[in-house]
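The values are calculated or read from the model by the stated rules, or taken from the named source; none is laboratory data. Note that this is a predicted model, so its numbers are computed, not measured. In this analysis, Cβ positions are derived from the backbone assuming ideal geometry, glycine residues included, and neighbour counts consider all displayed protein chains. Each accessible area value is taken on the protein alone, full model and side chains, heavy atoms only, with ligands, DNA and RNA left out. Shrake-Rupley method; radii C 1.70, N 1.55, O 1.52, S 1.80 Å.
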Amino acid sequence: MDQTDIQHVSDRSAAIAELLCALGERAVLTDPADCARYASDQSGLTGALPLAVVRPHSTGEVAEVLRLCTRHRLAVVPQGGRTGLSGGSCGADGAIVLSSERMTGIVELDPEAMTITVMAGTPLETVQNAALEVGLEYPVDIGARGTATIGGTIATNAGGIRVLQHGMTRANVLGLEAVLADGSVISRLGKTVKDNAGFDLKHLFIGSEGTLGIVTQAVLQLRRHVPGRALALLALRDHGAALSCLGAARDRFGTRITAFEGMWPDYWDFVCHATTLAQSPLDGRHGFYLMLEVESEDGSADEVEVFFADLFERDLVQDGVLAQSVAEMRALWSLREAVGEVDPDFGHHINFDIGLSPSALGHFCDATDTVLADMPDVNGVLKVGHVGDGNVHLLVGHDGSRAAEHAIEAAIYDLLRDYGGSVTAEHGIGRIKAHWIGHSRSDAELALMRGLKAQMDPLNLLNPGAVLGG
Ligand SMILES: Cc1cc2nc3c(=O)[nH]c(=O)nc-3n(C[C@H](O)[C@H](O)[C@H](O)COP(=O)(O)OP(=O)(O)OC[C@H]3O[C@@H](n4cnc5c(N)ncnc54)[C@H](O)[C@@H]3O)c2cc1C
């Protein structure tokens, strides 16, 4: 350790002593055994052990923490429920973690304005349930709903299964409060639907993965809840037939389509035959599997049954089942949601989160299969996704070596660049994909992003290494 290192260590110790003094012992964890669980998220990336974990419970405390960190040049990793799949909330070298776990609660639910104002650390499911109690719903929905926080879903602009109907998180946030690196608070928590007074600054924070500010509160737009749902699982010839079904479903149901999810046969066979996660309700093997869910005021599946018969008649559908009860709906959904649990059975893999125009998705997946078939390190491919939104989750198994991982990533992302797609449709860039952002963004776009980052966080203290790289 040279003189500079010793100086850094003593500066950090002084900073942490000040944090303890400002927030109290309950809010600041410093024991490595306590801090260890805050080092990583669900991406599989092992993050650095945080120097400390700070758990403020108010906007004022977040501002205090950031002022103090700026004074001490101490980097901060914002963290919600750590369900992120891109390593964005993983610990960074020499950084503290700022966790929103004590910043929870519903500030106001306004049924007339159809809004809910919440603290950033509130779990998504808590918000969904509160809305349901007054006959409304918050339509952002993801498999990690029980643990993912509102702040995390905003910071990643989370997507999920309802994007087709209600858009991504961005489309459902009406107001936002965030704290900048220097501790200043940008608060716009009104419920004004129409507001063109200057730049809409909330969109800077939505999807910026904690690199521009810490989200502390949000006003979310709720929708009328239609309790009834009809769900069909359809077996098709190929992805092209799924696109025809999407067009027909739009003509028939309009904006009542709540989910349009697809599973390729590689994924289907793996989940149904190589794991105990779900069972196939269909006979035979098909080229594509589709889940179509539609809102139905009376809960009846009759109109979906008529639609299904029509598709069958037109030779678009080969087989299918219609859920007749809530239990059957759950069983069908378990086929699609099993993607979150395949890890132990599938082994080492890369979880790609590809975004493309829906019409290009099938061609891209075919080209991917061709490219990967020639790569000896590839141990299998599973494809599943939000096909109505042009978003495929491509799981590519490999031998666990960094070399194989890099070769596969380069092959997929080079191909994707030719198709004009996005290296992340909904999970975010985080730390895992920072190296590849240039495959989806031009030099001019990246220069503007870096300029904004330098303006808002000149010392690069907020989530360093995430999104824009080192
Ligand atoms: C089983 C499973 C299913 C999933 N399904 C989906 C899906 O369908 N669609 C989808 O989009 N994602 C999905 N995800 C990914 C993940 O749930 C989302 O990215 C979610 O938005 C992360 O929320 P979080 O609170 O866990 O955030 P974290 O993982 O803690 O953090 C994610 C990012 O947000 C930043 N951040 C967190 N809180 C704040 C804050 N208050 N202010 C500023 N920055 C902050 C972090 O620094 C990090 O960069 C899934 C994950 C799992 C495990």
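Structure data summary
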read-out	value
Accessible solvent surface per residue of the chain, calculated while the other protein chains remain in place, 1.4 angstrom probe, Å²	43 Å²
Rounded to the nearest 10 Å², the accessible area of Phe308 at probe 1.4 Å	40 Å²
Mean Cα-pair separation over length for the chain, i.e. relative contact order, pairs under 8 Å, 6 or more apart, %	15 percent
Cα long-axis angle, helix 239-253 against the chain (0 to 90 degrees, to the nearest 10)	90 degrees
Relative contact order (%) - criterion: Cα under 8 Å, at least six apart; region: the range 89-236	26 percent
Other-chain or far-sequence residues with amide H under 5 Å of Thr115's (modelled H)	Asp110, Leu222
The range 145-191 versus the range 372-414: alpha-carbon centroid distance in Å	30 Å
Spacing of the two label points (7 Å from each Cα toward its C-beta) at His363 and Arg250, in nm	1.7 nm
Accessible area (Å², 1.4 Å probe, nearest 10) - His406	80 Å²
Whole-Hz ³J(HN,Hα) from phi, Karplus 6.51 cos²θ - 1.76 cosθ + 1.60, for the range 206-215, glycine and proline x	6, x, 8, 6, x, 8, 10, x, 9, 6
Entries in Lys202/Lys453; Lys194/Lys453; Lys433/Lys453 that, when Cα-Cα distance is taken, lie over 25 Å	Lys194/Lys453
Helix 358-373 axis, angle to the chain major axis (alpha carbon atoms, nearest 10°)	80 degrees
Magnitude of the charge dipole, the range 395-470, Cβ model with Lys/Arg +1 and Asp/Glu -1, debye to 20	240 debye
For the chain, diffusion coefficient by Stokes-Einstein and Kirkwood Rh (Cα), 20 °C, 1.002 mPa s, µm²/s	91 µm²/s
Accessible carbon and sulfur surface of the chain relative to its total accessible area, %, 1.4 Å	51 percent
Which of Cys69, Ala404, Val54, positive extreme of dipole for the chain (C-beta unit charges)	Cys69
Principal axis dimensions, largest first and in whole angstrom, of the range 333-381 by Cα	31, 29, 14
Area accessible to solvent at Val226, 1.4 Å probe radius, in Å²	10 Å²
Net lengthening on full extension, Ala410/Leu132 (0.36 nm per residue, minus Cα-Cα)	95.7 nm
Longest segment of the chain lacking GluC sites (Glu not before Pro) that sit in a DSSP loop with at most 10 other Cβ atoms within 10 Å	113-296
Most positive-pole-ward Cα, Trp264, Gln318, Ser208, against dipole of the range 167-319 from beta carbon charges	Ser208
Sequence of Ile354, Ile161 from largest to smallest accessible area, 1.4 Å probe	Ile161, Ile354
Cα-based shape type of the range 229-340, given that a ≥ b ≥ c are square roots of the gyration tensor eigenvalues and the cut on a/c is 1.5	oblate
Separation of the Gln324 and Ala171 label points, Cα + 7 Å toward Cβ, nm	3.5 nm
In Hz, Karplus ³J(HN,Hα) per residue of the range 53-65 (6.51, -1.76, 1.60; θ = phi - 60°; x = Gly, Pro)	10, 9, 10, x, 10, 8, 4, x, 5, 4, 4, 4, 4
